[in-house]
Each structure stands twice: as C-alpha cells, then as structure tokens.
Amino acid sequence: MTETVVKTKGQVLGKVTEALNTTILFDSPTKELTFLAMCSAFGDDPLNVIMRADAATGKSWIALECAKFFPRVPQYVERIDYSSPMALIHEFGTYNKEDHTHYIDWNRKILLFKDQPHTLVLDRLKTVMSHDERTANIRITEKTKGGRNITKHAVIEGIPAIIFCTAQSRFDEQLTSRCILLSPSTDSEKLKAIRRMQAEEFENPVEYQTKLLTDPTRKWLEERLQLCIKHATGIRISIPDAQYLTEQFNDLAGFSPRGTRDYRKVVSTVKTLTWLNFDDREKKSVGVSETLLADQSDVDHALGLWEPILKPNLRGISPSTYEFYQYVVMNAWQNAESIDYRAIRQSYYTYYGRPVGRYKCEKLGEELQDAGLIIIEYQGRKVYWEKPQQTEQTTL
C-alpha cells in the first residue's frame, strides 16, 4: 500500500458514506455515526453507541458491516455474541498471581456486542464508559469450588469504543447519558432496496462477493483506515472553531445537564472527522509534539450528523421511539386529548402499515413516560395516554 493511493483532500465523509452504502442501504446518519464511533477508539475520547430497535431491523448488520473495514491484524474489533459481566473480565483479562489481579488492556479496542438481551454488561462498565479516568478498578465476587465467596480485583486500562445492539427499550438514565442512541430505519423503501440487494446475491453469490471485494470505494476506506491508524493515532486534536461549535450546539440543544454530555460527544465526533482527514488538516507544533487542527467542515459535518438524532438523545430515548411518539402518539392526540390503546394501535397501523400488540405499546409508553413526553393514567382497567401539562411538543 502506498500513501498516494489513499491520500485525500477536503472532507472524506462523503466517500466514507459511499463505501458504507455498498452494503448498508439508507440508514443515515446511523451508519456514519456508528462508523465514526468505531474510529473514535483511536482518539482521546472514544464514543459509545446503543443501537436500539425492534428485531430484524438491521441493528447488528450495520455494526458488523462497519467493522469489516477495520484491520484484522492486529485485532481491533472484538465481536461478542453474548457475555456476562464476569465472562468479559475473564476472557480479556490477564491474571497476575503476584498481586491477584486481572489486567485488561482496552486501549484502541472496539467492543461490539451483538443482540444482547439485557444491559447487565454495560451496567458493570459504567465507570469505564464515563471516561472520568483511563484506568478503572473493579471488584468482582466469585464462588470457590467449596461454595465460599471470594473477591477478585480487575484493572481495566484504556477506554474502548463500545457498540451495543439490543431490542430492549428501557435503559438506565446513567447509561443513556454515556452513549449515542441510534436506531435503524424501517422505511418501506429501505426494505424494498434490501430485498433487491439480497436477490442480487442469491442469483449469483460468487459474482456478488467478487463485486464487493473489488469495489474501489471499499478498498479505499480499508486503506484509508490503515493510514489513519498508522500516522494519526495519538496525535492531539484541537478545535479552533470551538466557540462556533458551542453556539451552534446551544441553538440546537438548549441547556440541560444531559446536553453537557451530548456536547462532549459532538466534540469527539468533530475530532474523529479530523482524524480521518489528518493529511489535509493544519498542524501546530509545540516542541516535539504535534496538534492537528479541526477545520470548519469537520464542525459542520459533525453537527449535520447529530441534528436528526439530538432531540431523542436529549430525552434519553432511541430515535425509533421518538419517531413513534412524533407520528403515532401525536397524530392520535389530534383527535382526542386522552387516547387509549385502541387509538394508539390504529394510529400505529396508519403510519407503519402493520399491526402492533398491546405489550409493545406498554413498553413504549413506559419509555415515553420516563422521558416526560406522556402521562399514563389508569381509570379502573382502562389505560389512557395524556399530554403533559408543560409539554414541549412544538420544540421537541
């Protein structure tokens, strides 16, 4: 590989999207932010993603397809089908008999959890995900063969980028504030395009795989990542237009404690774009150290990616749940101030074109009530969803 093959000028995000489009149809900005979150593992403030949506919507597909562009040697992406918190410590940890401690090195690591049924693993990793320190000390309890409880010590060094795919709808507030909440689209046009792509593969599997392997945009992105990892990892990145970024973010997000953490995630997104464009960014040298300077396009593209998902993230809910609120619940409220499950299910069928069960409505309702978007009232055996008195429907 030579640098001239992958050296670029301007903003590479468009070409990244072009490469992702070869197998991930539609789903912008979800695929771009998932890919950038993985790239952020090589920076100073890695991003975490919770990919939440219904079954068979493409959560794991998006994450796995993004991961294919990263080098396999050394192995940066750890794909985990299922794991308990204890198994995670034992699998990745190296045990030191002298101090009886498990040492886990997660520097420049991407942990990809596929289709996890619960968030117990993430609950144990909240300290790591908060990014307060680059070293986390964890105490774990185990049973001996004789049934006695013993305490073990684990030290996690480094901060990984975490991609967590799940169909679970409700999350702890501390957890959601540490992650970007994303959802794949269930748009009918996307589903049609996916079936056309699958038909192309089924007609001639060898030709389809050959087309992907020889696709110039995919080869470009693979080589681009290798170049960035080799030459840009560890370089400090600053944002000269940070005041402009702050003003733009404040206009979009307003002011809330949750918004402060989301602002940091936007900053990390800007830095990751600068990292991908490292050979076309100004450098400032101080002594023997170098600093890459983000430019206006990095800031504007980061804000453009965040704008469609910012409102649900500020509420601590996934974009798919917020879509349900916007187009199902609010449409049902146009006919009545208080709506029951029958009205909700009718509105759901009108928007999505498919039926929905009561259990799913109940779970979505609990999530929306936690976010302060609805009030659930009980009148005997009847359940009604009502508008909050201080609702912000017009702005949120």
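Each value in this text was obtained by applying a stated rule to the coordinates, not by laboratory testing. A quick note: this is a predicted structure, and the numbers were derived from the prediction, not measured. Because the Cβ atoms are built from the backbone with ideal geometry, glycine has one as well, and the counts that use them run over all protein chains shown.
Could you tell me whether segment 321-386 comes out rounded, prolate or oblate from its Cα gyration tensor? Rule is a ≥ b ≥ c as square roots of the eigenvalues, rounded for a/c under 1.5, then prolate if a/b exceeds b/c, otherwise oblate.
Rounded is the answer for segment 321-386, as its axis ratio a/c remains below 1.5.
Charges at C-beta only: +1 for Lys and Arg, -1 for Asp and Glu. How large is the resulting dipole of the chain about its Cα centre, in Debye rounded to 20?
With only Lys, Arg, Asp and Glu charged at Cβ, the dipole is about 980 debye.
Among 112, 150, 168, which residue has its Cα positioned farthest towards the positive end of the charge dipole of segment 70-227, with +1 placed on the Cβ of Lys and Arg, -1 on the Cβ of Asp and Glu, and the dipole taken about the Cα centre?
Toward the positive end, the furthest listed residue is 150.
With charges only on Cβ, +1 for K and R and -1 for D and E, what is the dipole size of segment 3-208 about its Cα centre, in debye, rounded to 20?
Value, rounded to 20: 380 debye.
Can you work out the Karplus-derived ³J(HN,Hα) for every residue in segment 277-292? Use 6.51 cos²θ - 1.76 cosθ + 1.60 with θ = phi - 60°, whole Hz, and x for glycine or proline.
9, 4, 7, 10, 10, 5, 10, 10, 9, 10, x, 9, 9, 10, 10, 7
Per-residue counts of other Cβ atoms within 10 Å, averaged by peptide: what ranking do you get for 284-291, 362-369, 51-58, highest first?
Ranking the peptides 284-291, 362-369, 51-58 by packing returns 51-58, 362-369, 284-291.
Cα gyration tensor of segment 94-175, axes a ≥ b ≥ c as square roots of the eigenvalues: rounded (a/c below 1.5), prolate (a/b > b/c) or oblate?
oblate
Within the set 190/271; 68/219; 68/211; 31/114; 31/190, which residue pairs have Cα atoms separated by over 19 Å? Display every interim value, and only then the final one.
Working: 190/271 31 Å; 68/219 11 Å; 68/211 15 Å; 31/114 16 Å; 31/190 14 Å.
As for pairs spanning more than 19 Å Cα to Cα, those are 190/271.
Taking the Cα centre of the chain as the origin and placing charges on Cβ (Lys, Arg +1; Asp, Glu -1), which of 17, 303, 278 is farthest toward the positive end of the dipole?
Towards the positive end, the residue furthest out is 17.
Let me know the shape class of segment 3-208, please: from the alpha-carbon gyration tensor, a ≥ b ≥ c as square roots of the eigenvalues, rounded when a/c is under 1.5, otherwise prolate if a/b is greater than b/c, or oblate.
Here segment 3-208 falls in the prolate category.
Once amide H atoms are placed 1.01 Å from N in the peptide plane, what residues at a sequence separation of 5 or more from residue 237, or on another chain, have their amide H within under 5 Å of its amide H?
292
Highest mean first, what order results for 142-153, 197-208, 272-283 on Cβ atoms within 10 Å?
Most protected by this proxy first, the peptides run 272-283, 197-208, 142-153.
Hey, what number do you get for the chain at 222 nm if only DSSP H runs of n ≥ 4 count, each worth -39500 (n - 2.57), divided across all residues, to the nearest 500?
-13500 deg cm²/dmol
For residue 159, enumerate residues with amide H under 5 Å from its amide H, sequence gap 5+ or separate chain, H modeled in the peptide plane.
108
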